[in-house]
Structure formats: structure tokens, C-alpha cells
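Participant: Structure below; questions to follow.
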């Protein structure tokens, strides 16, 4: 079984600072099986240039800079009984297809709400520890 066919789960814990004291608000755990369980994250969408280590060239990717850092618990691809903790995640690479790049291009350099599935970076094309396979992007709702 290769690493793409294994299921894995993630739990998001959001840390917030309230009146000078650190508190942890535990959001409802989100368990993913490599696909159908979407999450919503908020932040600023930006284009950035990174080095593709396979081709030794620079490529442009979209990332979302989160409003608040998250901690993601992800099952290990090597050992199903172990977890990988991605702590203080504030940058997430966005996985989009060509149609989505065209549809959502007006969201670059704006604050937005992104819906999709989180997964851990596992190959040379993944430039952040955690990525999101994008289902939808909407304007961020102001409080």
C-alpha cells in the first residue's frame, strides 16, 4: 500500500491569546480519510515563488497565511500507530487545479475563507508542512 492510499486523521487545535493569558480553544476534532471531510480556514491568500527541487527551477504557488496558528495531528505514513504533530502552522500551501486558479485569481492578496481537506506534506512538490486540497474560496466574513 503506498502513502497516498492510507487514511489519516487530523485534529485542529486553535491557540488564542485573551487578555494577556494564553488559552487553548479546542475546536471539534476533524478526522480525515484522505478526502471527504472539509475544514474551513481563514487567512490572507498570497502567491509566492519556491524552488522545485526536482527541476531546480522556481515555481509559483499559492499559500494562505492563517489568521491564527493551528496545530494539526496527522497519522504517520510509515507507522499507523504513530502521529505527526505539526505545531504552530501559519502557512498552508493551497492545492488547486487550472480551472480553480482561473476562478479564484481575484482572491490573491485578499483575506478569505478556504474550504478543503488538510493533509501533510509528503513529497518535493509540497513546500509547507500542511497543505489544503481546495474545494472553495469565499470572501472572509467581517465580524
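The values are calculated or read from the model by the stated rules, or taken from the named source; none is laboratory data. The structure displayed is predicted, hence computed values, not measured ones. Using ideal geometry, Cβ is built from the backbone for each residue, glycine included, and neighbour counts are taken over all protein chains shown.
Participant: Being at positive phi and at pLDDT below 90 is the requirement here; does residue 67 meet it?
Facilitator: Judged against the criteria, residue 67 is not a match.
Participant: A further question follows. Among the residues of the stretch 121-140, write down those that are buried (at least 20 other Cβ atoms within 10 Å of the Cβ) and over 12 Å from residue 63 (Cα atoms).
Facilitator: Result: 137, single match.
Participant: Taking the stretch 94-129, which residues are assigned to a strand (DSSP E or B), at pLDDT 90 or above and farther than 14 Å from residue 42 by Cα?
Facilitator: Within the stretch 94-129, just 95 meets the criteria.
Participant: Let me ask something else. Suppose we filter the stretch 49-68 for residues that are closer than 13 Å to residue 126 by Cα and either exposed (fewer than 12 other Cβ atoms within 10 Å of the Cβ) or touching a residue at least 24 places away in the same chain (Cβ under 8 Å) (or both); how many remain?
Facilitator: Within the stretch 49-68, residues that are closer than 13 Å to residue 126 by Cα and either exposed (fewer than 12 other Cβ atoms within 10 Å of the Cβ) or touching a residue at least 24 places away in the same chain (Cβ under 8 Å) (or both) number 9.
Participant: Could you please let me know if residue 142 is at pLDDT below 95 and over 29 Å from residue 84 (Cβ atoms)?
Facilitator: Against the criterion (at pLDDT below 95 and over 29 Å from residue 84 (Cβ atoms)), residue 142 qualifies.
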